[in-house]
Amino acid sequence: MPIPAATISEVIDALEHIIRTCEEEGSRQAYFALLYKSMTEAVRDAILAGQFEDGARMEKLDVIFANRYLEAWEQYRRGQAPTQSWKIAFEAADDHSLIVLQHLVLGINTHINLDLGIAAALTAPGDEISNLEKDFEKINDIIASLTDTMQSKLERIWPPMRFLRRVMRNRDRAVIEFSITKARQGAWANACALAQLEGQATEAYIHTMDEAVAVIAHRVARPRRQITKLLLSIIRWWEPDEVQRIIRRLK
């Protein structure tokens, strides 16, 4: 696959390559790749529909954003060291005790809390960043629209989730939406800061971001509350063990 990708089409091709490779190998890394492919296709469709103020700028942002994930995945495959937070997310794919949602959130956490702000600052450096805000916020609406689809797919993997959703009055769905929305708000704050930095100051800021995101990743993979651990273990008991089966249901 071409790395770095130059267009959204190349990004989607690269994601399909990752998904096929992970499916063949039975790797849980496919879970986030599938979700991310859906997000990328939604952004592409919004660009084609003229929903952004500057479609060309949004494609540039999307490609820079995606390349951080694609390059991190390639680095990890080659035995090289990606960022701390991506390393945790990739290593978690070998942990059979985690549920599908944890794998998805680990990817979302790193890609949005770390990569998105960096990509936005590179797309619109300096004072240009203020012109990007409306289109940046538009992505929130696109991602939120995918929540119902994600929920439906999770229910295919773990049917009792339907009952749990009714009992919790959709709180599980709200958790997904809240995580994405709050992460993107933080990403915008980081983008504004990074847009004004250069050289070593930029690298130091990114390193600090990565350390903070890695802490969140550890908490996602190993929650502290006993009730959370119990709920996750019950869900995991019901989920299929075959990775390929889950991949097919997430497609």
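The values are calculated or read from the model by the stated rules, or taken from the named source; none is laboratory data. Since we're looking at a predicted model, the values are computed, not measured. FYI the Cβ positions are ideal-geometry reconstructions off the backbone, even for glycines, and counts take in every protein chain you see.
Descriptive notes on the structure:
- Residue check for Val43: in contact (Cβ under 8 Å) with a residue 12 or more places away in the chain and in contact with a Ser or Thr (Cβ under 6 Å, 6 or more places away or on another chain): no
- Search result, residues across segment 215-235 that are among the polar types (S, T, N, Q) and more than 20 Å from Asp94 (Cα to Cα): Gln226, Thr228
- Where helices (runs of 4 or more DSSP H) fall wholly inside segment 175-251, the ranges with 3 or more residues that are within 22 Å of Ala121 (Cα to Cα) are 199-221.
- All conditions but one from (1) surrounded by fewer than 14 Cβ atoms within 10 Å (Cβ to Cβ); (2) among the hydrophobic types (A, V, I, L, M, F, W, C); (3) at pLDDT below 90 apply to Val215; the one that does not is (3).
- Filtering Gly117, Gly107, Gly50, Gly79 for residues that are in contact with a Cys (Cβ under 9 Å, 6 or more places away or on another chain) and either of a type in the set (Gly, Ala, Ser) or in a loop (DSSP other than H, G, I, E, B) (or both) leaves a single hit, Gly117.
- When Leu114 is tested against (1) of a type in the set (A, V, I, L, M, F, W, C); (2) under 14 Å from the mean Cα position of the chain (by Cα); (3) at pLDDT below 95; (4) more than 18 Å from Leu250 (Cα to Cα), exactly one condition is not met: (3).
- Looking only at segment 82-104, and only at residues there that are in a helix (DSSP H, G or I) and of a type in the set (Val, Ile, Thr), the one that is farthest from Arg219 (Cα to Cα): Val100
- Scanning segment 117-173 for residues that are among the β-branched types (Val, Ile, Thr) and either in contact with a Gly (Cβ under 6 Å, 6 or more places away or on another chain) or at pLDDT below 75 (or both) yields a total of 5.
- Residue in segment 78-90 that is buried (at least 20 other Cβ atoms within 10 Å of the Cβ) and free of Cβ contacts under 8 Å to residues at least 12 places away in the same chain present: yes
- Qualifying residue in segment 55-62 (condition: under 14 Å from the mean Cα position of the chain (by Cα), under 20 Å from Ala195 (Cα atoms) and either in a helix (DSSP H, G or I) or polar (S, T, N, Q) (or both)): yes
- Note on segment 117-158: among residues that are of a type in the set (A, V, I, L, M, F, W, C), more than 15 Å from Tyr36 (Cβ to Cβ) and under 15 Å from the mean Cα position of the chain (by Cα), the one that is surrounded by the fewest Cβ atoms within 10 Å (Cβ to Cβ) is Ala144.
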